[in-house]
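Below is one structure, written out as structure tokens; the observations come after it.
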Amino acid sequence: MYKNRKEKIVATIEARMSSSRLPGKVLMPIGGVPALELLIGRLKRSQYLDQICVATTINHADDAIVACAQKMGITHFRGSETDVLGRVLEAAQSLGADIIVEITGDCPFVDPALVDRGIEEFFARDVDYASNTISPTYPNGFDVQVFQTTVLAEVASLTNDPIDRTHVSCYIYNHPERYRCCNWEAPKDSYGPELRVTLDEEADYQVLQDIFEAMKDKNNFSAPDVVRFLLDHPEVAEQNSNVRQKELYEL
């Protein structure tokens, strides 16, 4: 528990095999290890998380994701493919989570230190939602969002908009008049909003492979390590610099 608090903090990982741009991306091997397995291993180093849950779908194709979760010794939840908000909420509720740390399966290099900072910011600022994504300052792929399960349950009762149901927490940060939101920013050594370490297209995959191969302590590297590498090796960062991030309305 974070500083002996009674709240149960659970990281939910949204993952499915049926990505439109890069099918099966969450299990693509990076350095010979499935991306989701790398992500889970990194989250396990968080100081504050009480539990990790892979929130996947009931589709048969996602049996492979369940198998990965089981191999890594973490729990899983299966729900709707299209109603991601409902899936994450039900996953959290099934575990008795008070606080959700929302992570997406296409961010295999998420830094556990940033997860812990997000949790610290959430409690220290006494807000409903804390993230480093409202005004991005970190590279795309180091996203962390923290909010109360009760807040997400309220949101689920307020909106059936497909955009809100697909992008789990967007209703929260798009309604600052209703929810107290805070955005925390990257220090200088991690600043790089123009950089991509997320996995959406084949070009992203090559960049992640190159980063992983270059890191001496495989899968134990930090956000500053990655930013430093990409700034020192612009030829690597250039490979996915033209990949366009989908807008919220592009479901």
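The values are calculated or read from the model by the stated rules, or taken from the named source; none is laboratory data. All figures in this text were calculated on a predicted structure; none of them were measured in a lab. Using ideal geometry, Cβ is built from the backbone for each residue, glycine included, and neighbour counts are taken over all protein chains shown. For the accessible areas, the whole protein counts, side chains as well, though only heavy atoms, and no ligand, DNA or RNA atoms are used. Shrake-Rupley method; radii C 1.70, N 1.55, O 1.52, S 1.80 Å.
Backbone geometry of the range 39-52 corresponds, through the Karplus equation with coefficients 6.51, -1.76 and 1.60 at θ = phi - 60°, to 3J(HN,Hα) couplings of 4, 4, x, 6, 5, 5, 8, 5, 7, 10, 5, 8, 7, 10 Hz, x marking Gly and Pro.
Share of carbon and sulfur in the accessible area of the range 154-199 stands at 48%, probe radius 1.4 Å. Looking at the chain, what % of the alpha carbon pairs are farther apart than 28 Å? Considering the chain, 27 percent of its Cα-Cα pairs are separated by more than 28 Å.
For a Förster distance of 45 Å, can you work out the FRET efficiency between the beta-carbons of His233 and Ile134, rounded to the nearest 0.05? Walk me through the intermediate numbers first.
Working: r = 29 Å, r/R0 = 0.65.
Using R0 = 45 Å, I get an efficiency of 0.95.
Our coupling estimate for the range 195-201, obtained by passing each phi through the Karplus curve with A = 6.51, B = -1.76, C = 1.60 and θ = phi - 60°, is 8, 10, 10, 9, 10, 10, 9 Hz, Gly and Pro reported as x.
Taking only C-alpha pairs under 8 Å that are 6+ residues apart, what is the relative contact order of the range 102-190 in percent?
Values: 105 pairs, mean separation 32.0, N = 89.
After rounding, I find 36 percent.
The residue list Ser241, Phe221, Val207 was ranked by how far each Cα lies along the charge dipole of the range 156-251 toward its positive end, using unit charges on Cβ atoms, and Phe221 comes out on top.
Look at the dipole of the chain built from charges on Cβ: of Asn4, Cys53, Leu158, the Cα furthest out on the positive end belongs to Asn4. Once both labels are positioned 7 Å from their Cα atoms along Cα-to-Cβ, the gap between Asp63 and Leu22 label points is 2.6 nm.
Site pair Ala153 and Asn220 shows an inter-label distance of 4.1 nm when each label is modelled 7 Å from Cα along Cα→Cβ.
With a 1.4 Å probe and all protein chains left in place, how much of the accessible area of the range 71-138 comes from carbon and sulfur atoms, in whole percent?
Values: 1070 of 2240 Å².
Carbon-and-sulfur percentage of accessible area, whole number: 48.
In terms of its C-alpha gyration tensor, the range 19-89 has an oblate overall shape, because the principal axis ratio a/c (a ≥ b ≥ c, square roots of the eigenvalues) is not below 1.5 and a/b does not outweigh b/c. Close amide H partners of Thr137, meaning residues 5 or more places away or on another chain with modelled amide H under 5 Å apart, are Ala186. Mind running the shape call on the range 1-49? Use the C-alpha gyration tensor, a ≥ b ≥ c as the square roots of the eigenvalues: rounded below 1.5 for a/c, prolate if a/b tops b/c, oblate otherwise. The shape class here is oblate.
Let me make sure I get this right: for the range 85-197, a, b and c are the square roots of the gyration tensor eigenvalues over alpha carbons, sorted descending. Under 1.5 in a/c it's rounded, otherwise prolate if a/b > b/c, else oblate. Which is it?
On the way: a/c = 1.61, a/b = 1.54, b/c = 1.04.
The shape class here is prolate.
For every other residue with a beta carbon closer than 9 angstrom to the beta carbon of Pro112, add +1 if it is Lys or Arg and -1 if Asp or Glu, then tell me the sum. Please report the intermediate quantities before stating the final value.
On the way: positive: Arg42, Lys44, Arg45; negative: Asp111, Asp116.
Summing Lys/Arg as +1 and Asp/Glu as -1 gives +1.
Between Arg180 and Gln209, residue separation times 0.36 nm minus the direct Cα-Cα distance comes to 6.6 nm.
The mean sequence distance of close C-alpha pairs (under 8 Å, at least 6 residues apart), as a share of the length of the chain, puts its relative contact order at 20 percent.
With all protein chains kept in place, the per residue accessible area of the chain amounts to 44 square angstrom at a probe of 1.4 angstrom.
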